[in-house]
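Here's the structure, in structure tokens; my notes come after.
The values are calculated or read from the model by the stated rules, or taken from the named source; none is laboratory data. Please read these numbers as outputs of a predicted model, since none were measured by experiment. As a convention, Cβ positions derive from the backbone with ideal geometry for all residues, glycine included, and neighbour counts pool all protein chains shown. Areas reflect the complete protein model, heavy atoms only, side chains present, ligands, DNA and RNA absent. Shrake-Rupley method; radii C 1.70, N 1.55, O 1.52, S 1.80 Å.
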Amino acid sequence: MAVCARLCAVGSARGCRLRQQQHQHGEAEPEEEEERIEGPDLGPAEPPSSPPPRRSLLQLPPELLVEIFASLPGPELPNLAQVCKKFRQILSTDTIWRRRCREEYGVCENLRKLEITGVSCRDVYVKRINPRVKSGRFMKILPDYEHMEYRDVYTCLLHRYRHILGLWQPDIGPYGGLLNVVVDGLFIIGWMYLPPHDPHVDEPMRLKPLFRIHLMERKAATVECMYGHKGPHNGHIQIVKKDEFSTKCNQTDYHRMSGGRQEEFRTWLREEWGRTLEDIFHEHMQELILMKFIYTSQYDNCLTYRRIYHPPCSSEDLLQAGLFKGTYGSHGLEIIMLSFHGTSAKGTKLTGDPNVPAGQQTMDVDLTRRVQLPDLERLRNFEVLSRIILEIQEQVHREQQQDELGEVDGVRQDMRNPPKLEAASEEEEGESAEGESGGSATGQPFELPMGVMARNEEYPRTCKMCFYGTGLIAGHGFTSPERTPGVFILFDEDRFGFIWLELKSFSLYSRIRDTFQNAEAPSREAFDDMLKSMQSWTT
């Protein structure tokens, strides 16, 4: 503040105050000695010129001050308004706050009208947020934009709720979920990301709004629950602590349907699975679906959310880290996070099921254990693939025992020089090496072995490379968890698969192509700590 005061010439500088104190005590001001530079031929130097007159920001025209203040971070502007009356008046200019809303939060709408289309924000609100609600009925609860300012939008909405922007995982027992809180126009909306209907793993994600925040009147942000089928209603958001917040619905009767629980279940089933219960012939799957409905519907959108980060990416990774949706047998499609940690890749569940809940590592891939697949004819035999993977597993166990005893005799080969299998003949090794060289450039032919179950038969028929890994399986209620061997198959930059050897099951994963803002981890250590915490949330 003192720096701003001296810069603006609205307060005395330290030197001026010192001279005033000396004058009050009758002390003589020290005379400034004239500094001279003499030389053999130059003679005495000229006395220094008088200092230039002091400049002040107050002397600048108002339009220039508006431009300067608009380039400063929004949180600093209230402090600047305390410097003087002129600054406070200039900071009431709405163009300053409009620029802060646009640059810091991506707000592009005009409070009065959309500059390009000429459509009022009121119409945009009705069409974008809730197209099913008639505009005439909705006008009564729309904000009064004619008397609202961007300063109110910034201070009472965007800045106030900035801590909840980003990716979150809801605490819904073993099922978890993925919530993305974003600034959408003049609103903050919490979108729940739902996988496409089973087994269409390549289709885009489905988005469902859970809550929204906007200004109903000046300086008063309103939270509305979007859960249910009767339109928005009163809700509440509480920031519990850092990286954690909770939502509460104050009108849960809006979630009920006239037909009772049966109608609610049929509606939920169509949205969640895209079919009716009669279309699902597998009895075990019917039980899992009914169990999920009973468990998740009891929360009534009163949930606690914990922050999660998008996995950091590196040019050295096997493929770009990110979020993927994958098939999990009778449990349907689930969302996982693929991250890389040196010589390993880990898949962490963001959504889960009663067997392996959300937050657990569904797979762990050893990138130093390259798997050489045989030719297609032999690959169709499950026993051939099983023998290859089990031999690698035995080799891993031997090395782990040697590490524990401190008797490691060799150095583990990297992914470019995979270990050769003891049981493979020279002819088989030659065929594998030939397949590897072709697979890295043009793709190696791939087909699932006979007897391996797959929810989606439309998997790619060529792969780039394969690696040994382990997958997590458990009984109902996450009982007796066990890591079993499997094969990680890289198809392309956006798709990979995993064969669960013990289950004789195949999971196909496809990348979620949505972009996520405010989701970067502050550091690699923070991301690793988050992964550890996620396992404890649902254990």
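Structure data summary
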{"read-out": "In segment 482-525, residue surrounded by the fewest Cβ atoms within 10 Å (Cβ to Cβ) [restricted to those that are within 30 Å of D184 (Cα to Cα) and of a type in the set (S, T, Y)]", "value": "T515"}
{"read-out": "Within segment 51-106, considering residues that are in contact (Cβ under 8 Å) with a residue 40 or more places away in the chain and among the acidic types (D, E), the one least open to solvent (accessible area, probe 1.4 Å)", "value": "D94"}
{"read-out": "Hits in segment 292-317 - residues which are over 10 Å from I172 (Cα atoms), part of a loop (DSSP other than H, G, I, E, B) and among the aromatic types (F, W, Y)", "value": "Y309"}
{"read-out": "Qualifying position, being at pLDDT below 90, over 28 Å from T515 (Cβ atoms) and not aromatic (F, W, Y), among R132, R88, R98, R128", "value": "R88"}
{"read-out": "Residue satisfying condition, being within 35 Å of the chain's Cα centre (by Cα), touching a residue at least 24 places away in the same chain (Cβ under 8 Å) and either closer than 16 Å to P195 by Cβ or surrounded by 15 or more Cβ atoms within 10 Å (Cβ to Cβ) (or both), within set F324, F382", "value": "F324"}
{"read-out": "Subset of segment 440-481 that is free of Cβ contacts under 8 Å to residues at least 12 places away in the same chain and under 24 Å from P174 (Cβ atoms) - its residue that is most open to solvent (accessible area, probe 1.4 Å)", "value": "S480"}
{"read-out": "Residue in segment 162-169 that is more than 16 Å from the chain's Cα centre (by Cα) and open to solvent by 20 Å² or more (accessible area, probe 1.4 Å) present", "value": "no"}
{"read-out": "Failed condition for R112, given (1) over 22 Å from N518 (Cβ atoms); (2) modelled with pLDDT of 80 or more", "value": "(2)"}
{"read-out": "Test result for Y175, at pLDDT 65 or above and either open to solvent by less than 10 Å² (accessible area, probe 1.4 Å) or within 30 Å of L333 (Cα to Cα) (or both)", "value": "yes"}
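So that you can scan it fast, the table gives a plain yes or no per residue for (1) in the same structural domain as G166 (by the TED database); (2) open to solvent by 50 Å² or more (accessible area, probe 1.4 Å); (3) in contact (Cβ under 8 Å) with a residue 24 or more places away in the chain:
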residue	(1), (2), (3)
T276	no, yes, no
I280	no, no, no
E287	no, yes, no
M291	no, yes, yes
